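Below you'll find the structure, written out as structure tokens, and then a few comments.
The values are calculated or read from the model by the stated rules, or taken from the named source; none is laboratory data. This one's a predicted model, so the numbers in the text were calculated from it and none came from an experiment. Every residue, glycine as well, gets a Cβ built from its backbone with ideal geometry; the counts of neighbours run over all protein chains shown.
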Amino acid sequence: MPAYGIKKYWDDRYDADGMGDEPFDWMCGWKQLSETVAPLIDDKNARILMIGCGNAPLSSDFWDAGYKNQINIDYSEVVIKQQKDRFPHMEWVVMDALNMTFEDGEFDYVFDKSLIDTMMCYEDGVETTEKLFLEMHRVLKPGGRLLQVSLHKEDEVDVFAASPGCSFIVTTCKLKNMKLYDDTPKQDLQNMALFHTFACFDKLDGLSEKDRDWVFSQHPLKLNGALSNQELAAMKVMIIEECSKSPRTRLWRDCTASNLVDCFDAVLEDWAKQFQPTEMSKLEEVGQGLQAIRKLDLAKGLEGFEEDQEEGSGGDDEGEEFVQVD
């Protein structure tokens, strides 16, 4: 496992002789999170702390969405300098999340995306994460809200609501891991999380009894975008099906005419998913042509081609070209 709990690891990662100076979003960005997060922040002028900001586009996406009263902190001088250069109109500060210099009760909201996961990678992960929660609790106003996205499971996250010195009530849910639907190779899908945990912690400390009762009455919160058990089950089936698809390949010299037509059929099926209804007639014409080829028994017309291939066969397969036939 990379040394996530060591500051030098992050400085080197963000630097990398200039190669690390590219925005990178762990897990998910504002495009997915906005559905869940926006209803939980009732005032765009609220003071927001983006803690452990790194170089993710999320902070600037928050800004573009209208949440401009924000401050971004990270303990890596390297990444803060990069972000200052990239977004000079925003506020970036080098600061250790475990020892913040902010006043008590300075923020309405704290937003953490995966800093909790980094803290859990420390040698004393639980104790370090409890210290993080205590600091976030301290800088929040009474009734303030901590919004968090984590790679850990729900029961591994909500337990920190009861960290020493903290008084939180929490609602959690699962958010779909949208990276499963990008260009991730099939062989990697089984190693990816189906979901990320989203948590909303409300600070009870400092509230009147009446206000505390009201906050209690709101939990569990209804969180938009929450993944249902049925949806999760469907995702598991999808992953199993995708991973079970193992494309058959053949050496060019082993291909028959029928194999090649099968390959064309598979391509047509993919095209059909992208065509508009008005364009389907073009696709149908191509498909009819392939059917005509089948009826003419193209294999007989390629006898000479196949004989040439047979003559050239032999030896090992090194350097051979492959064709995917489904």
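Structure values in brief
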{"item": "Helices (runs of 4 or more DSSP H) enclosed by segment 49-125 - at least 1 residues per element that are touching a residue at least 12 places away in the same chain (Cβ under 8 Å), under 25 Å from the mean Cα position of the chain (by Cα) and under 30 Å from Gly206 (Cβ atoms)", "result": "58-64, 115-119"}
{"item": "Only listed residue being crowded, with 20+ Cβ neighbours inside 10 Å and either more than 21 Å from Ile41 (Cα to Cα) or modelled with pLDDT of 95 or more (or both), chosen from Val157, Val94, Val126", "result": "Val157"}
{"item": "For Asp85: the one exception among (1) touching a helix residue (DSSP H, G or I) at 6+ places or on another chain (Cβ under 8 Å); (2) farther than 21 Å from Lys174 by Cβ", "result": "(1)"}
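Rundown of residues vs (1) modelled with pLDDT of 90 or more; (2) surrounded by fewer than 13 Cβ atoms within 10 Å (Cβ to Cβ); (3) within 25 Å of Asp124 (Cβ to Cβ), yes/no style:
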site	(1), (2), (3)
Tyr14	no, no, yes
Trp26	no, no, yes
Leu33	yes, no, no
Thr36	yes, no, no
Asp43	yes, yes, no
Leu49	yes, no, yes
Phe62	yes, no, no
Ala65	yes, no, no
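For every residue, the table says whether it meets (1) touching a helix residue (DSSP H, G or I) at 6+ places or on another chain (Cβ under 9 Å); (2) free of Cβ contacts under 8 Å to residues at least 40 places away in the same chain; (3) surrounded by 12 or more Cβ atoms within 10 Å (Cβ to Cβ).
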| position | (1), (2), (3) |
| --- | --- |
| Thr197 | yes, no, yes |
| Cys200 | yes, no, yes |
| Leu207 | yes, no, yes |
| Lys210 | no, yes, no |
| Gln218 | no, yes, yes |
| Leu223 | yes, no, yes |
| Ala226 | yes, no, yes |
| Asn229 | no, yes, no |
